[in-house]
Amino acid sequence: MVAYFQSVIGKEAKNQIIMSEGKMPDRVVACAGGGSNALGIFSGFLDEKNTELVAVEAGGKDNKTGNHSRTLEFGETDIIHGMKTLVLFPHEVYSIAPGLAYPGISPMLSFLVQNGRVKVGCADDIEALNAMKVLAHNEGIIPAIESSHALAYVLSNPQKGKITIVNVSGRGDKDLETC
């Protein structure tokens, strides 16, 4: 249901990129906690086989000790909140971004990853905070810490001469105390 309502973001992004660039993007990148942010933007590009879709998970403090929220990467099939999907064990997850600290993931996003349509990326807390500061300094836009994970991934994985859309959602002003 949430993915359906968020799909307006993907439709609008697709229309805007065609109007401004005259073609599809090479890559669309979004953060992934529960999956609504990523599914919203990806929905406009699922049929565009030449557009890479990247869901960026929260690497948290440490990928090895469990201080992260990388459900797509490390989750196991189980049932959470009445849905069968990937779930992190133990059910305690961590991210500096509250919206990404969720032990499950959308079954739809999980399906797209397992079938190779969506690639999984990762950014840790420090990378996300640095990306947040870069966007605020260079563009005057204060992104939410959640979206800053997607920004961090793009900054760490640049594609010169290619068009990348990063889904920046939320209000970053609420996160300034964390910085």
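Note on segment 73-112: residues that are touching a strand residue (DSSP E or B) at 6+ places or on another chain (Cβ under 8 Å), at pLDDT below 90 and among the charged types (D, E, K, R) amount to 0. Just one of the numbered conditions (1) among the aromatic types (Phe, Trp, Tyr); (2) at pLDDT below 90; (3) open to solvent by less than 10 Å² (accessible area, probe 1.4 Å) is not true of Phe45: (2).
For segment 42-58, name all the residues that are assigned to a strand (DSSP E or B) and without any contact (Cβ under 8 Å) to a residue 12 or more places away in the chain. Walk me through how you get there before you give the answer.
If we filter segment 42-58 for residues that are assigned to a strand (DSSP E or B), which is where we start, we get 52-58.
Of everything in segment 42-58, nothing turns out to be assigned to a strand (DSSP E or B) and without any contact (Cβ under 8 Å) to a residue 12 or more places away in the chain.
So is Glu146 of a type in the set (Asp, Glu), closer than 28 Å to Lys11 by Cα and surrounded by fewer than 23 Cβ atoms within 10 Å (Cβ to Cβ) or not? Give the derivation first.
Working: of a type in the set (Asp, Glu): yes; closer than 28 Å to Lys11 by Cα: yes; surrounded by fewer than 23 Cβ atoms within 10 Å (Cβ to Cβ): no.
Judged against the criteria, Glu146 is not a match.
In the set Pro103, Pro107, Pro143, only one residue is without any contact (Cβ under 8 Å) to a residue 60 or more places away in the chain and closer than 24 Å to Asp47 by Cα; that residue is Pro107.
For the residues Phe74, Phe42, the requirement of being closer than 15 Å to Gln114 by Cβ and touching a His at 6+ places or on another chain (Cβ under 9 Å) singles out Phe74. Of the residues making up segment 77-100, those that are of a type in the set (Gly, Ala, Ser), within 20 Å of Gly60 (Cα to Cα) and open to solvent by 40 Å² or more (accessible area, probe 1.4 Å) number 1.
Only one of the numbered conditions (1) farther than 16 Å from Gly60 by Cα; (2) in contact (Cβ under 8 Å) with a residue 60 or more places away in the chain; (3) in a helix (DSSP H, G or I) is not met by Val113, and that is (2). When every residue of segment 59-69 is checked against the conditions, at least one turns out to be on the phi > 0 side of the Ramachandran plot and not in a loop (DSSP other than H, G, I, E, B).
For every residue, the table says whether it meets (1) farther than 15 Å from Arg117 by Cα; (2) open to solvent by less than 60 Å² (accessible area, probe 1.4 Å); (3) at pLDDT 95 or above.
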| residue | (1), (2), (3) |
| --- | --- |
| Ser7 | yes, yes, no |
| Glu12 | yes, no, yes |
| Val29 | no, yes, yes |
| Gly33 | yes, yes, no |
| Lys49 | no, no, yes |
| Val54 | no, yes, yes |
| Asp62 | yes, yes, no |
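Given the structure, is Val120 assigned to a loop (DSSP other than H, G, I, E, B), at pLDDT 90 or above and either under 15 Å from the mean Cα position of the chain (by Cα) or surrounded by fewer than 14 Cβ atoms within 10 Å (Cβ to Cβ) (or both)? Talk me through it step by step, then tell me what you get.
Working: assigned to a loop (DSSP other than H, G, I, E, B): no; at pLDDT 90 or above: yes; either under 15 Å from the mean Cα position of the chain (by Cα) or surrounded by fewer than 14 Cβ atoms within 10 Å (Cβ to Cβ) (or both): yes.
Against the criterion (assigned to a loop (DSSP other than H, G, I, E, B), at pLDDT 90 or above and either under 15 Å from the mean Cα position of the chain (by Cα) or surrounded by fewer than 14 Cβ atoms within 10 Å (Cβ to Cβ) (or both)), Val120 does not qualify.
The values are calculated or read from the model by the stated rules, or taken from the named source; none is laboratory data. A quick note: this is a predicted structure, and the numbers were derived from the prediction, not measured. All Cβ positions, glycine included, derive from the backbone under ideal geometry; neighbour counts span all protein chains shown. Please note that ligands, DNA and RNA were not included when accessible areas were found on the heavy atoms of the full protein model with its side chains. Shrake-Rupley method; radii C 1.70, N 1.55, O 1.52, S 1.80 Å.
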